[in-house]
Structure formats: C-alpha cells, structure tokens
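All of the numbers you see were taken from the coordinates with simple rules; none came from a lab. Computed from a predicted structure; not experimentally measured. Every residue, glycine among them, receives a Cβ derived from its backbone with ideal geometry; neighbour counts consider all protein chains shown.
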Protein chains: 2
Amino acid sequence: MKHYHKILVGLDLHPHYDNTPLKRALDIAKDNDASLYTIHVIEHIPAYSLGQAYPSIIDLEEEIMKEAAKEMKKIGHHYNISEEKQILVMGSPKTLIIEQAEKLKIDLIVVGSHGRHGLSLLMGSTASSVLSHAACDVLAVRQMKEHNHTG
Amino acid sequence: MKHYHKILVGLDLHPHYDNTPLKRALDIAKDNDASLYTIHVIEHIPAYSLGQAYPSIIDLEEEIMKEAAKEMKKIGHHYNISEEKQILVMGSPKTLIIEQAEKLKIDLIVVGSHGRHGLSLLMGSTASSVLSHAACDVLAVRQMKEHNHTG
C-alpha cells in the first residue's frame, strides 16, 4: 500500500554519522514509489564564537554552507538523489524542516532518534511541540548514539 | 522490504477518536508481514476526582478497565487482532508503552499526533524525552484534532 508520495529526510553531515534514517527513508520511498527529498539545516554561528581565522561571520557561514553543499552532493550522488531534491538552508532546523515540509507538501518526515537533525531537535523542549502540529506523519528512526566525529 | 516484525500501536478508545494511527499500523503490519499489538493504558484516577457514585477508587478503576476491555475487544474483533495481542494496562501511558515495547521486542511503535495516546504524551515535557531513548522506531501518524466526545 502506498501512503506516502513525498518524503523528507533530515540529514546530518558528520563523517561518522549513523545514516540509518537516510537508508530507511530510501527504502520507504522505494516501497511507496515516492519522491525523496533530503534536508540539512545549518544553524547561524553565534557571534561570540568567532575566532581570528575569518574576517566576518558571513564569510565563515558561507564557507560552512559550501562544505555542507559538497558533502550533500556526495551523498546525493551515492544514493541517486537529484540535486533539486537536496535542500540546504540556514537558520533554525526545527522551523525550517517544518516550513520546507509544508512548502513541498511532504507527507512523511523521517528523522533520526539522535543527532542534530534528530528527534529531540524537532520536539523542542515543550510538550506542545512543533511535531504535534506538523501537517504530516513523522517517523523517528532509531539510530546508534552519535559517534564523536574525530575525522 | 520488511523492516518491522512486531508493531505496537497506541489506541485511544474514545467513541469519536480518529483511528488513522490504527489503520496505518494495520497497513504497515500487512506490508511487513508483521505482528500487530494494540495497547491502551488507563491512568489511575486521582483521589480528589471521586464523586459519590462509587464506593472506592478501586471499584471505579475496575469499572473503567472493564469498559475499556469491552471496547478493545470490539476493535480487535473488527480488525482481526487476536486477544493476546490486545494489551490493557493501568498506570503511566508513557512508561507502560515503552515498557511493553521492550518486553515484546517491538520494533515500531505507532502513535497518533494527538489524543491521550498520541505523540505529545510519549514525548513528555523535556527535550530528552523517553522517545529519544526508545529502543525502536516510532511513527507519529497525523490525525485530526480529537473530537469532543459527546457520545
């Protein structure tokens, strides 16, 4: 049975990230003959964290965006996800994932149980979370605790 | 592809409850050739809420359990879920759903996005919720806001 037509999966881009959520999303997309979109949201850099290496936060953020885009492209290439289905945005992950899901008329959001793009992030810290107001189903995929990314 | 072998769905038993989560769970169980368990958790009655109609809280709780069992059996009969897969327990829904999921080696918990057995209940009020520690995948199924149960 085909329930889902458009699936959005939150990607972490750490080199040692457990990518079970992406693989599960790929399988569900295949089973449902659905389109799969990937999303990665980069949070703005807090001003106080800026070191000496970059002349401005804007430059640093641009650099990070560029690196993330490269990483996302690599994953997209590996899993055969076309570039227009790779969404890379900057801001609040919680807000932007929900916003993009609505914009794209997503009917299933897949997130990991841990990590920066995982469940706890979407839930926020109050019981009346964004998730319970999401206009679609949400699947939290169990994953191993995030490795320390030493790479 | 078959990811799930044992699925547990949280049931609300209100007469006007939107049963999309149950239907979704049934479909996923069918697609995955998985066993489907239903669970309903009745919360203990706070002592101060006791009126004149019942001689004791124990009696009232027993009455509620009996009514719930009847309702569950009806649903089970309708959807062809055998009685040993209908779990009815009393206590904290959050704790007991997770506990039963572990005991039964459930690999997917399905909950609604609203209602007493819905997502917000499992999430609790802190970001480090029970859900993010659940040993399995969790699917929150979008449902309409709960109707007032006037019936």
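Here are the numbers for the structure shown:
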{"item": "Copy-to-copy label separations for residue B:102, where each label sits 7 Å from Cα toward Cβ, in nm and ascending", "result": "3.8"}
{"item": "Cut-off 14 Å between beta-carbons: net charge of the residues surrounding residue A:65, Lys and Arg +1, Asp and Glu -1", "result": "-4"}
{"item": "Calculated FRET efficiency for the pair residue B:20/residue B:57, C-beta based, R₀ 30 Å, to 0.05", "result": "0.35"}
{"item": "Phi to ³J(HN,Hα) by Karplus 6.51 cos²θ - 1.76 cosθ + 1.60 over the range B:5-20, Hz, x for Gly, Pro", "result": "10, 9, 10, 10, 10, x, 9, 8, 10, 5, x, 9, 5, 6, 8, 3"}
{"item": "Pseudo-label separations to other copies for residue B:78 - Cα-to-Cβ vector, 7 Å, nm", "result": "4.6"}
{"item": "Table column - 3J(HN,Hα) (Hz), the range B:59-71, Karplus curve with 6.51, -1.76, 1.60, x for Gly and Pro", "result": "4, 4, 5, 5, 4, 5, 4, 5, 5, 5, 4, 4, 5"}
